[in-house]
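**Student:** Sharing a structure with you now.
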Amino acid sequence: MKKTIGVLVFLVILTSSAFCYQDTVSVAKADTIIQVEEVALEQEEADMQEKETKDQIELGSNRIVQVIDDYDGTEVVVGRYGSVIVIDREDTVRIKVGSKGIKITDTWDGTNIEIIEPANFEKEFNYHYKKRFKGHWAGFEMGMNNYLTPDFTLPGDYMSLNTGKSWNVNINFIQYSLNIAKNSFGLVTGLGLQMNDYKFNGNNSIEKDPVSGDIISLAIPTNAKMSKLHVDYLTLPLIFEVHPSNRLGRKLYFGAGMIGSMKLRSYTKVKYYTDGKKNKNKTHNDYNISPLQYAVTFRAGFKAIRIFANYNLQPLFQANIDPELYPFSVGLSLIPF
């Protein structure tokens, strides 16, 4: 009897040990499965983050769409500088497109729509719009020409001009602006075409002396209606421009810098009458005009209107060629691009 009881106790202990071992193995397997699932989840989240980063890079810095969805509502920002912003919070939707903004609010009395002024954008949208720096070079400019002697006086001989009829026309067709500080100070460059008419006061024109190369007077018919020198240039500006931060915002601006010019062509033109018949003589010549010019320029404007003043530091004619004259022009921008 004692032997039988001992055998039964041994079997019970053996069976219990087997069950305990099986439970231990199951728990270990369960822990391993949980760890594997956690690692897989972390890898999946990392892959998703990597994919989102890649998507933003492929979209480009100027076309990124940001969507923020939380317990308080949804916010959508389109573009690097927030050109379009939509914020849906509780009963209010705020929408900004460019420089326009509206706020739509659901109330007990119905729907209320308000216009959001640009000055309140940062408050309403909690988003600061970063306006990029934009200079003022491109456009159509018209002014008057003349030139000064080294003594800063107007010539009084055969080079004397009729300033009111000596036109300066500039077509500035390419512009590039580079921000330097806080989008209110930058560098402006580009390309332009400059056309200058120098209309003579006297009954004369000019020609190049075949021996000395100097510019001398050329007699023309006494009944001449018009006599001028015309010079065209390709221009390249380097202008530092500032937009004062005041109540006028970025509408007021000042600029100063240099304008380099390369001569494209030059000619003289005379219109006169013979026996009541109109005649026109046009003579193309280099007239020893300096092929490269550089001038200082000063500019100021408000909104679409600007004035300019240019003064050449290089003489109109080449070195050691008489007369020594330094052109200048003042004018107004009429139709900015």
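The values are calculated or read from the model by the stated rules, or taken from the named source; none is laboratory data. Since the model is a prediction, treat every value here as computed from it, not as a measurement. Positions of Cβ are backbone-derived with ideal geometry, glycine not excepted, and every protein chain shown enters the neighbour counts.
**Student:** Cβ-Cβ below 7 Å, separation at least six or inter-chain, first residue in region 131-145 and in the same structural domain as THR297 (by TED's automatic domain parsing), second part of a loop (DSSP other than H, G, I, E, B) and at pLDDT 95 or above: which pairs?
**Tutor:** What qualifies is MET144/SER166; ASN145/SER166.
**Student:** Of all residues in region 136-175, which are exposed (fewer than 13 other Cβ atoms within 10 Å of the Cβ) and not β-branched (Val, Ile, Thr)?
**Tutor:** Passing the criteria: PRO150, ASP151, PHE152, GLY156, ASP157, GLY164.
**Student:** Can PHE200 be described as touching a strand residue (DSSP E or B) at 6+ places or on another chain (Cβ under 7 Å), more than 19 Å from ILE239 (Cβ to Cβ) and either among the aromatic types (Phe, Trp, Tyr) or surrounded by fewer than 17 Cβ atoms within 10 Å (Cβ to Cβ) (or both)? Reasoning before the result, please.
**Tutor:** On the way: touching a strand residue (DSSP E or B) at 6+ places or on another chain (Cβ under 7 Å): yes; more than 19 Å from ILE239 (Cβ to Cβ): yes; either among the aromatic types (Phe, Trp, Tyr) or surrounded by fewer than 17 Cβ atoms within 10 Å (Cβ to Cβ) (or both): yes.
Answer is yes for this residue.
**Student:** Is it the case that some residue within region 324-331 is assigned by TED's automatic domain parsing to the domain that holds GLN194, modelled with pLDDT under 95, farther than 23 Å from VAL242 by Cβ and of a type in the set (A, V, I, L, M)? Talk me through it step by step, then tell me what you get.
**Tutor:** Taking region 324-331 first, the residues assigned by TED's automatic domain parsing to the domain that holds GLN194 are 324-331.
Retained after the next criterion (residues that are modelled with pLDDT under 95): none.
The answer is no, given that none of the residues of region 324-331 is assigned by TED's automatic domain parsing to the domain that holds GLN194, modelled with pLDDT under 95, farther than 23 Å from VAL242 by Cβ and of a type in the set (A, V, I, L, M).
**Student:** Go through region 236-337 and tell me which strands (runs of 3 or more DSSP E), entirely inside it, have 1 or more residues that are of a type in the set (Gly, Ala, Ser). Outline the logic, then answer.
**Tutor:** Values: elements: 252-274, 277-284, 292-302, 305-312, 326-335.
Here the list reads 252-274, 292-302, 305-312, 326-335.
**Student:** When you scan region 224-233, do you find a residue that is polar (S, T, N, Q), surrounded by 19 or more Cβ atoms within 10 Å (Cβ to Cβ) and closer than 20 Å to LYS280 by Cα, even just one?
**Tutor:** Initially, region 224-233 is screened for residues polar (S, T, N, Q), giving 227.
Keeping just the survivors that are surrounded by 19 or more Cβ atoms within 10 Å (Cβ to Cβ) gives 227.
Now narrow it down to the ones that are closer than 20 Å to LYS280 by Cα: 227.
Within region 224-233, one or more residues are polar (S, T, N, Q), surrounded by 19 or more Cβ atoms within 10 Å (Cβ to Cβ) and closer than 20 Å to LYS280 by Cα.
**Student:** For region 253-312, which positions are over 30 Å from GLY135 (Cα atoms) and polar (S, T, N, Q)?
**Tutor:** As a first pass, look at region 253-312 and keep what is over 30 Å from GLY135 (Cα atoms): 266-289.
Those that are over 30 Å from GLY135 (Cα atoms) and polar (S, T, N, Q): SER266, THR268, THR274, ASN279, ASN281, THR283, ASN285, ASN288.
**Student:** Identify, from the list LYS271, LYS303, LYS280, LYS263, the residue that is basic (Lys, Arg) and free of Cβ contacts under 8 Å to residues at least 24 places away in the same chain.
**Tutor:** Values: LYS271 fails: free of Cβ contacts under 8 Å to residues at least 24 places away in the same chain; LYS303 fails: free of Cβ contacts under 8 Å to residues at least 24 places away in the same chain; LYS263 fails: free of Cβ contacts under 8 Å to residues at least 24 places away in the same chain.
One residue alone meets the criteria, LYS280.
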